[in-house]
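The values are calculated or read from the model by the stated rules, or taken from the named source; none is laboratory data. Keep in mind the model is a prediction, meaning the values are calculated, not measured. Neighbour counts run over all protein chains shown; Cβ positions are idealised from the backbone, glycine included.
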Amino acid sequence: MSKDNTNKLTMRVLHRYLGFFLAGIMAVYALSGIVLIFRDTDVFKIEQQVEEKLAPNIKNEDLGRKFGMRNLKVSKEKGDLVYFQIGT
């Protein structure tokens, strides 16, 4: 065998095993991506109960700024209670 054939054979072997290795890594990334897409999104959420006294007759639009939350939208009002998607 000439030196040229030995180099070709070595490169083919390296290419083959590198391909197997990279295919395995891609399979792991694909499976982890699928698991992350279809996971229950409430897994890492921690429920907090916050009680705060507010000024009387505060507007609903100002509640979001008072609590430091953006895009806080009122879903309904019933008496003195104001309901949001994340709480009352």
Answer yes or no as to whether residue 22 is closer than 18 Å to residue 88 by Cβ and surrounded by 10 or more Cβ atoms within 10 Å (Cβ to Cβ).
-> no
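Within the group 44, 38, which residue is modelled with pLDDT of 80 or more, exposed (fewer than 10 other Cβ atoms within 10 Å of the Cβ) and not charged (D, E, K, R)? Lay out the reasoning, then the answer.
Working: 44 fails: modelled with pLDDT of 80 or more.
After applying the criteria, what remains is 38.
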Considering only region 58-72, state which residues are in contact with a Gly (Cβ under 9 Å, 6 or more places away or on another chain) and surrounded by 12 or more Cβ atoms within 10 Å (Cβ to Cβ).
-> 72
Kindly provide the set of residues from region 1-19 that are surrounded by 10 or more Cβ atoms within 10 Å (Cβ to Cβ) and of a type in the set (A, V, I, L, M), ordered by number.
-> 9, 11, 13, 14, 18
So which pairs qualify, if the first residue must be in region 49-77 and part of a strand (DSSP E or B) and among the β-branched types (Val, Ile, Thr), the second must be surrounded by 10 or more Cβ atoms within 10 Å (Cβ to Cβ) and at pLDDT below 80, the Cβ gap must be under 9 Å, and the two must be at least 6 apart or on different chains?
-> 74/60; 74/61; 74/63; 74/82; 74/84
